[in-house]
1. Return the residues of the range 100-141 that are crowded, with 20+ Cβ neighbours inside 10 Å and among the β-branched types (Val, Ile, Thr); say none if nothing qualifies.
2. So for the range 189-197 (the condition being of a type in the set (Asp, Glu), within 16 Å of ligand 1 (Cβ to nearest atom) and part of a strand (DSSP E or B)), does at least one residue qualify?
3. Which of the helices (runs of 4 or more DSSP H) found entirely inside the range 81-173 contain at least 3 residues meeting this: within 27 Å of the chain's Cα centre (by Cα)?
4. If you go through the range 47-61 one residue at a time, do you hit one that is outside any helix (DSSP H, G or I), free of Cβ contacts under 8 Å to residues at least 60 places away in the same chain and touching an Asp or Glu at 6+ places or on another chain (Cβ under 7 Å)?
5. Return yes or no: is GLY399 closer than 30 Å to VAL367 by Cα, more than 16 Å from ligand 3 (Cβ to nearest atom) and buried (at least 19 other Cβ atoms within 10 Å of the Cβ)?
6. Just name the residue that is nearest to PHE328 (Cα to Cα) out of those in the range 618-633 that are touching a residue at least 40 places away in the same chain (Cβ under 8 Å) and surrounded by fewer than 15 Cβ atoms within 10 Å (Cβ to Cβ).
7. Where residues in the range 502-523 are touching an Asp or Glu at 6+ places or on another chain (Cβ under 7 Å) and more than 25 Å from CYS454 (Cβ to Cβ), which of them is farthest from ligand 2 (Cβ to nearest atom)?
8. Among residues belonging to the range 684-704 that are touching a residue at least 60 places away in the same chain (Cβ under 8 Å) and touching a Lys or Arg at 6+ places or on another chain (Cβ under 9 Å), point out the one that is nearest to ALA753 (Cα to Cα).
Amino acid sequence: MRDEQTGEEIIIKPYSAPAGGWGSMRGMAEVLPGEKPGLSTLDTLRRQNKPEGFMCVSCAWGKPAHPHVAEFCENGAKATAWELTSHRVTPAFFERYTVSELDGWMDHDLEQAGRLTHPMRYDAGTDKYVAASWAEAFESIGAKLKTCDPTKVVLYSSGRASLETSFMFSLMARMWGQQNLPDSSNMCHETTSVGLKNAIGSPVATIQMEDYDKCDAIFAFGQNVGTNSPRMLHTLKDCRDRGVEIVTFNPLRERGWERFADPQSPKDMLAGGETQISTQYHQVKAGGDISALLGMCKLMVEADDRAIAEGLPRVIDHHFIEQHTVRFDEFADFCRAADWDEIVHESGLSRHAIEAAARVYMKAERVIAVYGMGITQHRYGMDSLYMLVNFLLMRGNVGREGAGPGPVRGHSNVQGQRTVGITEKTELAPVDRLRELFQFEPPTEKGWDTVESCRAIISGECQGFVQLGGNFLRATPEHAMMKEAWAKLPITVHISTKLNKSHLTPGQESWILPCLGRSERDHQATGDQAVSMEDSFSHIYGSVGKVTPAADTLLSEPAIVAGLAKAILPPNPNVPWDEWVGDYSLVRTAIENCYPDKFANFNEQLFVPGGFWKGNPAAHREWLTESGKAEFNVPRALNSSGFAEKEGRFRLVTLRSNDQFNTTIYGYDDRFRGIRGTRMVVMMNRGDMLKLGLTDGDKVALESDAEDGVERVVEGLRVVEYNIPAGSIGGYYPELNCLIALEHHALESHVPAGKSVPVRVRV
Ligand SMILES: Nc1nc2c(c(=O)[nH]1)N[C@H]1C(S)=C(S)[C@@H](COP(=O)(O)OP(=O)(O)OC[C@H]3O[C@@H](n4cnc5c(=O)[nH]c(N)nc54)[C@H](O)[C@@H]3O)O[C@H]1N2
Ligand SMILES: Nc1nc2c(c(=O)[nH]1)N[C@H]1C(S)=C(S)[C@@H](COP(=O)(O)OP(=O)(O)OC[C@H]3O[C@@H](n4cnc5c(=O)[nH]c(N)nc54)[C@H](O)[C@@H]3O)O[C@H]1N2
Ligand SMILES: [Mo]
C-alpha cells in the first residue's frame with residue numbers, strides 16, 4: 001500500500017526497540033544523507049550544545065556544564081543537518097515554479113528544496129517570486145508598512161531567534177507604537193506562563209538541571225520525551241539508575257517514557273542493554289489529567305484526615321501549607337467532596353491505578369512534575385496546570401531542591417524571547433527602563449496574541465504581517481478561513497531560512513527575507529559574532545556558528561531586523577541599529593541595562609559552562625503572586641477538553657511524529673509509533689473501530705464537531721488500530737489543523753486546544 005501523496009510505501013508495524021539505541025542511529029542515517037551534509041555538519045555536531053560551541057536549534061532542554069562526548073540526539077542531528085543542507089532555493093528555482101504550483105507541494109518537499117538564498121518579492125503578474133536587492137526590500141517594505149496603522153500590523157516570532165534579535169524586534173515594535181508581538185509560545189506554553197505566574201508567581205520552571213540529581217520521584221504528564229527532548233532521556237536514565245520512581249500519564253504509550261538504550265553506552269549498544277523509564281504508566285483519556293490529579297489529591301487529603309484523627313505523622317506538608325499558601329481549605333473540601341465514579345470516568349483510569357500512583361507520591365520526599373503540550377493545549381489547560389501545582393504544593397514540592405514544576409519548553413529560545421520583551425502584555429515589558437534608556441514613550445495598549453492576531457486576520461482588520469521565523473499560517477488553527485484571509489493581507493514579510501506554506505499564500509505585497517542559521521558563521525563589522533538563548537531551566541548560553549553561510553547574500557537576523565527598523569522608524573540617537581549589528585555585545589549591554597537583575601554581567605557570563613541562571617524567586621519561596629503566597633485553585637471542570645461527551649464524538653489529539661520539528665517534516669517515519677510512509681492517519685482504539693465497522697487501513701474523513709456549526713473536514717485518512725483510550729483518537733499536526741476552530745483554545749492563555757479537538761469520523 002502506498003501513500004498517494006508521498007508515493008512512499010505505508011508500513012504499519014509495532015516497533016519493539018527502545019528509544020535511543022541503534023534505532024536513533026538509523027533515524028539519523030535516513031535523514032542526513034538526503035541533505036548531503038558536508039564535513040562542516042559533522043564538525044558542528046561535535047560542537048553541539050558544548051560550552052563555547054553551537055546551541056542546538058531543536059529543543060530547549062538544558063545544556064549540561066559537563067557534556068557527553070556527543071551532546072546531541074537523533075532529532076538534534078536532523079535539525080542541524082536540515083539547516084546545513086547543501087540544497088539551495090535560488091532565484092532560478094523560483095523562476096521554474098509558480099507560487100500556485102509550489103503551494104501544492106508537501107511541507108517536506110518545500111523545506112527539502114533547500115536554503116533560501118536571496119530576498120524575493122512576489123510578482124502577482126507572473127505568480128512567481130522574483131529576486132530583489134536588500135536595499136529594494138527594505139525600502140519597499142518600509143514604504144508599505146509606513147502606510148499601515150502600526151497597531152494593526154502583527155510582528156510574530158517563532159521561538160528560535162536569539163535573545164539579541166528578539167530584543168531588537170520587540171524594541172522596534174514598541175518604538176513603532178505597538179506590541180502586537182505574538183510568539184509561538186502563544187500556541188505552546190503560554191498556559192504555563194499565565195498559570196504558573198498566577199499560582200506561584202513565576203512563569204517558568206522553578207527547577208534547574210541539577211534538581212534531577214536530587215529528586216526521588218518524577219511525575220510526567222503529556223510530554224513526549226523520546227521525540228521532543230531526547231537528550232532528557234539521559235537525565236531520566238540517571239534518575240532511574242538512582243532508583244527514582246517515574247510515573248507517567250499519557251493517553252499513548254510513548255516509547256521514550258517506556259524504555260531507553262543509551263547510544264553512548266557500549267553496554268546498551270553492544271549487549272542490548274536498556275533502562276525501563278516509567279515505573280508506572282497510566283493511559284489517561286485526552287483531558288483526563290485534572291481528574292487523575294484530583295484522585296491523588298483526594299487520597300492525600302483523606303489520608304491526612306485519618307492521620308490527624310489517629311495522631312499519626314501528617315501526610316501533607318501542613319507547615320509549608322500554612323506558611324506559604326492560600327486557599328488550601330477550600331481545595332481540601334473540594335477533594336473530600338469529589339466523587340470516585342466521576343474521577344474514574346473523567347480520567348479514564350481505575351481507582352486502583354490512581355491509588356498506586358498516589359502511594360509513590362506520598363512516599364517520595366522530593367518530586368518533580370514534568371509536563372508538555374498534553375497539559376497546556378486544552379480548553380481547561382489552565383485547570384490541569386493548577387491541579388498539577390496543587391498536587392505539588394500539598395507536600396511542599398515547590399521551592400526546594402529536587403522538587404518543583406518542570407515544563408519542558410518547545411523552541412530552543414522560546415522562553416528567552418519572552419524574557420527580552422516579545423510579549424503583547426504591557427505589564428511584562430520594562431516600560432520605564434525603555435523610556436529612560438531609549439527616550440521614547442512605549443505603548444500601553446495591550447497587543448494581539450496569536451488567537452487575537454488570527455481573529456484580526458480573518459476579520460480583515462489586520463493590515464500586515466511580519467514573521468521572524470516560523471510558519472504561522474500552517475501552525476495556527478482554522479486553516480481554511482485563515483488561508484483565504486491571509487491572501488488579502490496588504491503585506492506579508494517572512495524572515496526565513498527555508499521555504500514553507502506561509503510563503504505560498506502571498507499577501508497583496510509579499511517578501512521572503514533569507515537569513516543565516518544559528519550554525520553559520522556570523523561575520524560583522526567588529527568580527528565574528530555570538531548570539532545567546534535561554535533554555536527550559538532559565539539558563540542563558542552563548543552560541544557561536546562556524547559554518548560558511550549557505551549563500552553570501554544572506555543577512556543575519558539582527559541585520560534584517562535593524563534594516564526593517566531603520567526603514568519604518570525615524571532615527572533615534574539612543575538606538576544605534578548599525579552599531580548594534582556591527583557588534584552584538586552592544587545589544588547584550590542594552591539587554592542588561594533593561595533587565596539588570598536577570599542579565600548582570602551578560603557579556604562576561606556568556607560562555608559560562610552550563611549557562612548562567614537568570615534566577616527565579618519561586619525557587620526560594622518568594623511568591624510574586626497577587627496574595628503574596630502560593631495559591632491553591634479549585635478546578636472548574638473535571639476534564640480539560642471543554643466539551644461534553646456524546647455519541648459519535650471523539651477527542652482528537654494532534655501529535656508530532658518522530659520525523660518532524662513542528663511544521664518542518666524531515667520524513668515519513670514515526671518510528672516509535674510504528675507508522676511509516678504516511679502522515680495521513682487516524683490512530684484509533686480497537687473497540688471504537690469495531691463500533692464503526694472499521695478495519696486497519698480503511699479510509700475515513702474527520703469532521704469538526706465544534707458547536708459553532710462551521711464545516712471543517714479532512715479526507716483521505718487511514719485508520720490505524722492503536723493502543724489509545726476509547727473515545728480519544730490521534731493524528732498529526734499540522735495536517736489536521738483545518739479541524740480546529742479558532743475559538744477552541746485554552747480559556748485564559750489562548751493556546752489553541754490541539755490536544756482535544758471535537759470531531760466525528762465519517763466512514
Ligand atoms: N524533534 C522534535 N522536537 C521538538 C518539537 C518537534 O516538533 N520535534 N517541537 C518542539 C516544540 S515547539 C514543543 S512545544 C515541544 C512539544 O513537545 P510535547 O510537549 O511532547 O508535545 P507533543 O508532541 O504535542 O506531545 C504531547 C504529548 O502529550 C500527550 N497527550 C495528549 N493529550 C494529552 C492529555 O490530555 N493528557 C496527557 N497526560 N497527555 C496528553 C501526547 O500523547 C503526547 O505524548 O517539543 C519541542 N521539541
Ligand atoms: N494542531 C496543533 N497545532 C500546533 C501544535 C500542536 O501540537 N498541534 N503545536 C504548536 C506549537 S507548540 C508551536 S511552537 C507552533 C510552531 O509554530 P512555528 O514556530 O511558527 O513553526 P515552525 O514549524 O517551528 O517554523 C518552521 C519555519 O521556521 C523557519 N526557520 C527555521 N530556522 C530558522 C531560523 O534560524 N531563523 C528564521 N528566521 N527562520 C527559521 C523556516 O523557514 C521553517 O520553515 O505550532 C503550534 N501548532
Ligand atoms: Mo512549541
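1. Once the filter is applied, which keeps residues that are crowded, with 20+ Cβ neighbours inside 10 Å and among the β-branched types (Val, Ile, Thr), the range 100-141 yields THR117, ILE141.
2. For the range 189-197, residues of a type in the set (Asp, Glu), within 16 Å of ligand 1 (Cβ to nearest atom) and part of a strand (DSSP E or B): absent.
3. Where helices (runs of 4 or more DSSP H) fall fully within the range 81-173 and carry at least 3 residues being within 27 Å of the chain's Cα centre (by Cα), they are 107-112.
4. yes
5. yes
6. Of everything passing the filter in the range 618-633, SER627 is nearest to PHE328 (Cα to Cα).
7. If we take residues in the range 502-523 being touching an Asp or Glu at 6+ places or on another chain (Cβ under 7 Å) and more than 25 Å from CYS454 (Cβ to Cβ), then ARG521 is farthest from ligand 2 (Cβ to nearest atom).
8. It comes out as LEU702.
The values are calculated or read from the model by the stated rules, or taken from the named source; none is laboratory data. Computed from a prediction, not measured in an experiment: that's the story for all the values here. Counting neighbours? That spans all protein chains shown, and the Cβs are built from the backbone with ideal geometry, glycine included.
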